[in-house]
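The values are calculated or read from the model by the stated rules, or taken from the named source; none is laboratory data. The structure presented is a predicted model; accordingly, all values stated were derived computationally and were not measured. With ideal geometry, Cβ positions are generated from the backbone for all residues, glycine too; neighbour counts draw on all protein chains shown. Heavy atoms of the whole protein, side chains included, go into the accessibility calculation; ligands, DNA and RNA do not. Shrake-Rupley method; radii C 1.70, N 1.55, O 1.52, S 1.80 Å.
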Amino acid sequence: MSRIGRMPIAVPAGVTVDIAENNHVTVKGPKGTLERTLPTEMEIKLEGSEVTVTRPSDLKKMKSLHGLTRTLINNMVIGVTQGYTKELEVNGVGYRASKSGKDLTLNLGYSHPVVMTDPEGLESKVEGNKITVSGIDKEKVGQYAAEIRDKRRPEPYKGKGIKYADEVIRRKVGKTGKK
């Protein structure tokens with residue numbers, strides 16, 4: 001059995017989980033509502049304040065979908081209760097980020113400032129050289145953070161660029177003079 005897929009998902013107070021036909025799951029909570037259509041092969045049951053996921057057979061595909069389905073539902077429940085955040089750091093001389101309304105403006109050493117608009121349901125904050133992306137959908141938070149990072153990835157010599165707060169950049173030694 002899938003060790004993760006077997007575990008029941010505890011539904012906290014103030015959160016409602018609705019399972020419609022074709023495994024269309026809607027999770028409502030204090031922070032908002034998330035909807036997702038999950039694989040139809042999986043059997044999702046709401047029993048009291050717990051959601052359980054069971055699989056029909058032990059085929060390789062079913063085993064992998066089992067854990068995935070359970071994790072996706074769990075991420076939705078965590079999203080509507082606590083939400084998700086990703087922190088990025090802007091490092092480099094003259095590199096800076098600023099926020100005005102829904103627009104995030106990045107000065108990253110290009111001839112022009114890079115302007116990004118926050119997607120629906122996500123919010124970004126700038127404090128000094130830190131950018132914090134927050135929202136209720138884990139996938140969208142991670143995607144938007146990755147798009148921001150892609151505007152200027154960290155380089156291995158000086159570490160300039162945008163990196164995740166918990167990311168470690170492997171540094172390289174620069175060039176040496178001739179003797």
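Things to note:
- Taking packing as the residue-averaged number of other Cβ atoms within 10 angstrom, the listed peptides 79-90, 122-133 run from highest to lowest as 79-90, 122-133.
- Residue-averaged [θ]222 nm for the chain, counting only DSSP H segments that reach four residues, each worth -39500 (n - 2.57): -7000 deg cm²/dmol
- Charged neighbours of G32, selected by a Cβ distance under 14 Å, balance to +1 (K, R count +1; D, E count -1).
- Between E147, E21, E139, the residue with the greatest mean-square fluctuation in the GNM of the chain (Cα pairs under 10 Å linked by springs) is E21.
- Solvent-accessible area per residue in the stretch 49-179 equals 61 Å², computed with a 1.4 angstrom probe and all protein chains kept.
- Listed pairs K60/K86; K31/K61; K130/K151; K102/K151 exceeding 23 Å between Cα atoms: K60/K86; K31/K61
- Spatially proximal lysines relative to K63 (Cα-Cα < 29 Å; intrachain offsets below 8 disregarded): K28, K45, K138, K140
- log₁₀ of I(q)/I(0) at q = 0.11, 0.17, 0.19 Å⁻¹ - the chain, Debye sum with one point per alpha carbon: -0.63, -1.00, -1.11
- Residue of I148, I136, I169 that the Gaussian network model of the chain assigns the largest fluctuation, springs spanning Cα pairs under 10 Å: I169
- Taken about its Cα centre, the chain carries a charge dipole of about 1540 debye when Lys and Arg each add +1 at the Cβ and Asp and Glu each add -1 at the Cβ.
- Separation of the stretch 106-139 from the stretch 27-91 is 26 Å, based on Cα centroids.
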